[in-house]
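Data first, discussion second: the structure below is written as structure tokens.
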Amino acid sequence: MFKLLKQLKLKNILLVLVCIGFIILQVYLDLKLPDYMSAITRLIQTEGTQMANILKQGSYMIGCALGSLISAICTGYLSSNIASSFSRNVRNLIFEKVEKFGMAELKKFSTSSLITRTTNDVTQVEMLIGMGLQLLIKAPIMAVWAILKIVDKSVEWSLLTAAGVVILLLTVGILIAIVIPRFAKVQKLIDKVNSVTRENLTGIRVIRAFNAEKYQQSRFEEVNTKLTETQLFNQRCFAILHPIMQFVMHFLTLGIYFIGAILISNAGSVEKINLFSNMVVFSSYGMQVIMSFLMLAMIFMIWPRAQVSARRINDVLDEEVSIVDGKFKGKTTENGTIEFKNVYFKYPDADEYLLKNISFKVNKGETIAFIGSTGSGKSTLINLVPRFYDATDGEVLVDGINVKDYQLEALNNKIGYVPQKAVMFTGTIKENVAYGDSGRPKPTEEEIKKAIKVAQGIDFVEKMEEKYESHIARGGTNISGGQKQRLAIARAIARNPEIYIFDDSFSALDYKTDAILRKELKKHTKDATSLIVAQRIGTILNADKIVVLDKGECVGIGTHKELLKNCEVYKEIALSQLSKEELEDA
């Protein structure tokens, strides 16, 4: 928790100091009230007292009450400002850190967990800071100050108050020891609820198609019931606290008056007035002490969950990023070249290599394709170029420079990437195609239209009501899979990069559209290097080089005709899709 509080900025620290000043003023004024009450009590019991004197003391009390109210309002405003500013800064830090994560880190933290940490966990810490500034600072100051004021009034009353405080502290300590482990479980269960809900929403069509609504409902009910039961247990534990607090408070008041009655009955006539006055003052101060511990109890109810949340936030912020930014961002002597030198790769949690001893080079303007059975490492291989992962051994060179030496921004500016699953963002078609920063001026409207035309998307875009200004829902749920793929390809084309990466980006297209698109793409990207991962032989027939992968190893490199002659794996794949005659005519 204290580690996370280091994120408070200088401005916020100054506001905290001002807030503490208002709290001290408020406590001073609150503790001054019993003194005036004691003075009024003495004046009432003293013969010949003028009403003006009583009213004077009463006006002082009203002034203290108003001053305390103003201080409380200022404290509340400042603490809310500090807490909300802090949570905004922490959310920004989490977001920025997650943006730097490589695929390895993103797999370590699930999407639902990262969402919970950015929202619910930050809110828990924000609540603690907001209430903590008002109560956690105020309570001990008030308790200590009140005790110092009453400690010399009566040994009996002091011992009684001390007994009440001990009971409260023991109760709070026992409850926290029971509840803290369960708060960690609560946050994990919230992650699980988010995960099941997110899965249900994203897969709603499949769920309905397979009549799996009852199964999904049972999954949700299971995790929701666990969360509810855990929360209920925690709340029931804390529910015990309130009646114990009330019992101690009322018992203390009764005890003070009971002891006071005995002391007054045994005292002389002159001492009775002082004892009665002290009893009234002690009763007020005793309540202030108990109220201080009541406030601390409220913080103790929030603290365990906030502590768990802070730990989860720190886990994200402290996570070491595997993809470290390089320093190179200058011009290169080569342009559009990619070379793999004895590249090996395995996932961080894996024992065996997924890619083994991969070596090849592709020059500017060439097209290299990758084919192989499912799980052979095709997508993983091309993901090493934009550094979604880093090679375990060997080197991946872009324009003669190791990708690890590049500044990520400079490296990404060279690449136009079309992922296996087309990703669309909330906005218009125009905004989606012109998305991102390539280090060059944003594409013009004409360039956007040309990119969509090359990607064979002009027909369906022109038919939409608002054409290029038509709305795209989050994830592109309002357009088809093939339309999403074409817009994703148009996005890469509009970027006008040196290197194109197509990760099985033509799978949702029909054969006719696929053939026309590749033909137009070849014309448009003749000066750029293209890397294509594909399952269809027809998509890669005309590639300058084809790399055949089998169980992570390169078992053949060459043109389509060369591989048909000397690579059995490629020949098997080709014959499974096309007839012998079709392959010979290709």
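Bear in mind these aren't lab numbers, they're just calculated from the coordinates by the rules spelled out. As the structure is a prediction and not an experimental result, all values here were calculated from the model. Cβ: placed from backbone, ideal geometry, glycine included. Neighbour counts: every protein chain shown.
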> In straight Cα distance, which aspartates and glutamates are under 18 Å from Lys226, not counting same-chain residues fewer than 8 positions off?
Replying inline: Asp191
>> If you fit an axis through the alpha-carbon atoms of helix 155-202 and take the longest principal axis of the Cα set of the chain, what angle between them do you get, 0 to 90°, nearest 10?
In response: 20 degrees
> Can you give the charge dipole size of the chain about its Cα centre, rounded to the nearest 20 debye, using +1 on the beta carbon of Lys and Arg and -1 on the beta carbon of Asp and Glu?
Replying inline: 740 debye
>> Contact order normalised by length for the range 388-500, with contacts defined as Cα pairs under 8 Å and 6 or more residues apart; what percent is it?
In response: 40 percent
>> With angles folded into 0 to 90 degrees, how steeply does helix 10-45 sit against the dominant principal axis of the chain? Use alpha carbons for both and round to 10.
In response: 20 degrees
> Across 5 Å bins from 0, what is the distribution of all Cα-Cα pair distances for the range 458-586, in whole percents?
Replying inline: 2, 9, 17, 20, 17, 15, 10, 5, 4, 1, 0
> Which order results if Glu221, Glu395 are arranged by neighbouring Cβ count within 10 Å, fewest first?
Replying inline: Glu221, Glu395
>> Students often check this: by mean Cβ neighbours within 10 Å, which of 442-452, 320-330, 493-503 ranks highest, and how do the rest follow?
In response: 493-503, 442-452, 320-330
>> Output the 0 to 90 degree angle, nearest 10, between the alpha-carbon long axis of helix 568-577 and the longest principal axis computed from the alpha carbons of the chain.
In response: 90 degrees
>> Can you give the local net charge around Gly132? Use residues other than it whose beta-carbon is closer than 11 angstrom to its beta-carbon, Lys and Arg +1, Asp and Glu -1.
In response: 0
> Amide H to amide H under 5 Å from Thr332: which residues, 5+ apart in sequence or cross-chain, H placed 1.01 Å off N in plane?
Replying inline: none
> Using modelled amide H (1.01 Å from N, peptide plane; none on Pro or chain starts), what sits under 5 Å from the amide H of Gly394, excluding residues fewer than 5 places away?
Replying inline: Tyr344
> Can you give me the relative contact order of the range 338-585 as a percent, contacts being Cα pairs under 8 Å and 6 or more apart?
Replying inline: 26 percent
> What is the antiparallel percent of DSSP beta bridges lying wholly in the range 338-585, to the nearest 5?
Replying inline: 50 percent
> Over the chain, what is the relative contact order in whole percent, taking alpha-carbon pairs under 8 Å and six or more residues apart?
Replying inline: 14 percent
> Which of the lysines could a cross-linker span from Lys138 if the Cα-Cα distance has to be under 29 Å and same-chain partners fewer than 8 positions apart are dropped?
Replying inline: Lys3, Lys6, Lys9, Lys11, Lys32, Lys56, Lys149, Lys153
> Near Cys64, within a Cβ-to-Cβ distance under 10 Å, what is the net charge of the other residues, with Lys and Arg +1 and Asp and Glu -1?
Replying inline: -1
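What net charge is computed for the residues neighbouring Glu469, neighbours being all others with C-beta under 11 Å from the C-beta of Glu469, Lys and Arg scored +1, Asp and Glu -1?
Details: positive: Lys430, Lys467; negative: Glu431, Glu445, Glu465, Glu466.
Charge balance near Glu469 sits at -2.
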